[in-house]
1. I'd like to verify a number: residues in the range 264-288 that are surrounded by fewer than 17 Cβ atoms within 10 Å (Cβ to Cβ) and among the β-branched types (V, I, T), how many?
2. Considering every residue within the range 201-216, establish whether at least one is more than 20 Å from G338 (Cβ to Cβ) and part of a helix (DSSP H, G or I).
3. Quick check on the range 145-156: of everything there that is of a type in the set (A, V, I, L, M, F, W, C), part of a helix (DSSP H, G or I) and in contact with a Leu (Cβ under 7 Å, 6 or more places away or on another chain), which residue is surrounded by the most Cβ atoms within 10 Å (Cβ to Cβ)?
4. In the set N224, N280, N251, which member is touching a helix residue (DSSP H, G or I) at 6+ places or on another chain (Cβ under 7 Å) and either in the same structural domain as N51 (by TED's automatic domain parsing) or at pLDDT below 95 (or both)?
5. Would you check if T139 is among the β-branched types (V, I, T) and surrounded by fewer than 24 Cβ atoms within 10 Å (Cβ to Cβ)?
6. Please name all residue pairs, on different chains or six or more residues apart, with Cβ atoms under 7 Å, provided the first residue is in the range 18-33 and is in contact (Cβ under 8 Å) with a residue 24 or more places away in the chain and the second residue is assigned to a loop (DSSP other than H, G, I, E, B) and basic (K, R).
7. Which ones in the range 294-334 are among the β-branched types (V, I, T) and on the phi > 0 side of the Ramachandran plot?
8. Restricting attention to helices (runs of 4 or more DSSP H) lying wholly within the range 233-340, give those where 1 or more residues are among the basic types (K, R) and under 23 Å from S136 (Cα atoms).
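The values are calculated or read from the model by the stated rules, or taken from the named source; none is laboratory data. Computed from a prediction, not measured in an experiment: that's the story for all the values here. Positions of Cβ are generated from backbone atoms using ideal geometry, with glycine treated the same way; all protein chains shown enter the neighbour counts.
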Amino acid sequence: MRAALAAALVALAIGAHAETTDITIAVVPVTNGGAFYLAKEKGYFAAEGLNVTIEAVGTLAEAIPLLSSGRIQYGAGGLAPSIYNAMAQGLPVKIVASHGQAPLSHDFLLRPALKDVIKTPHDLKGRVISTPARSSIITYEVGKILQSAGLTLRDIEVKTIPFNQMAVAFQTGAIDAGIMVPPQTLATVEGGFAVSWINPEDYIKPQPMEIAVTLINSDWAAKNPKQADGFMYALMRGTREYCDAYHHAPNRAEVISHIVKYTTVKDPAAIDKYPWGSRNVRGQVAVDSVMDIQDFYVAEGQSDKKLTLQQMVDMTYADAASARLGPYTPPPTAREPGCR
């Protein structure tokens, strides 16, 4: 009988292994990625029969060729023009969940010598402003701030400088202003390289702003609907735990340990100190923002044409995962407006 039981267990193990699906996702290694890291480290993906590999990329735009060709199945990061262009070209790429929404905790910083010179967005005219890439969501934020003063990107000089090099650029005077994201902002401001000026969200409409999304290869999803549903369910489990930690629940230290493992920020105290990026607990995309960002990119000549919402967004996976999970209740420690 024991032999029969052992044989049955082996058969089950072999069957479970045979049903495991390998998935690779490209994630920009910032705090928001905590939902993915949790889903992997706590076995939520594995529980859905998924063997997930997480690859770090500098921007989501870098992953578009891999995603559209099916070499990876998912990607998560900022809403760049290349994402809209991929969909406009008919490539099998769809937005299936939010990856980051306002409140963003972004800061528009100034070179210290200019803190009493630049008072309003109109004072940015003729100034040198950095973005991590000319075609990036940060460029959209800068553009919207300029629009509030009747200016455009053509009224400034844009310099492409990665976030991790901005402190030096401020120090040398190579740039006058730029938007930074946590946790890099902390070291830049506390080091005296720049001063905090304005919150971009005060100037950007519509709100909430959708800064980052999760993409899927739609051809793969059509062939693997069970796996696509399971992936989103696991991700939403990770998202809820991330949001608990965002609200300073008891699991915060655990979540920080996973963020340290997967991102370039290796100081747990710094991650704990600075505000985290907010996520939508149901994965719902801020559609008005997605459409406005598209309009901006088209107007700037960075995107080819306008698409309908249905051509870009498929919320069926996130909706199914949310229905399976039920309502989310923020922890008693919740004070922040985001992650709800």
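1. Matching residues across the range 264-288 total 2.
2. no
3. The selected residue is L146.
4. N251
5. no
6. N32/R279
7. Step one: of the range 294-334, the residues among the β-branched types (V, I, T) are 298, 308, 313, 316, 329, 333.
Those that are among the β-branched types (V, I, T) and on the phi > 0 side of the Ramachandran plot: none in the range 294-334.
8. none
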